[in-house]
Amino acid sequence: MSDDFWIIINRLLMNVAGTSAATPTVAGLIAMANDARLNAGKPVLGFLNPFIYQNPDIFFDVTLGDPSQACWLDDLDGYYVSEGWDPVTGFGTPDYHRLVEAAMKYS
């Protein structure tokens, strides 16, 4: 989600990566899911951990990659991605349509 992420600053197209790109994007997706809930007369999701852990299928599980691709320091060991939850990607990247569908069913 955050590799080759394009943004526009002062009318200049720039390529960025990392959590600085991914985090506000995920926050925007959650805000859109909350908007759908509010429009249906439901409350916002609030604290997200219970929702996330009860709905792991709303994420695309990232299973390819290694720390050398993410770190500029070649001699730095890190965590590897794996199937399911891992410390690098968490549950993975959200699928917007699955996210909203699960959010609308969540109570």
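The phi torsions of region 54-61, fed into the Karplus equation with coefficients 6.51, -1.76 and 1.60 and a -60° offset, translate into couplings of 7, 9, x, 6, 7, 10, 7, 6 Hz, rounded to whole numbers, with Gly and Pro shown as x.
Could you look at region 1-67 and say what percent of its accessible area is carbon and sulfur, using a 1.4 Å probe and all protein chains?
Working: 2880 of 4630 Å².
Percent of accessible area from carbon and sulfur atoms in region 1-67: 62.
Close amide-amide hydrogen proximity is noted between Phe60 and Thr93, Asp95, each under 5 Å apart and 5 or more residues distant or on a separate chain (H modeled in the peptide plane; Pro and chain starts excluded).
The values are calculated or read from the model by the stated rules, or taken from the named source; none is laboratory data. Being a predicted model, the structure only gives us computed values, none of them experimental. Heads up: the accessible areas ignore ligands, DNA and RNA and are worked out on the full protein's heavy atoms, side chains in. Shrake-Rupley method; radii C 1.70, N 1.55, O 1.52, S 1.80 Å.
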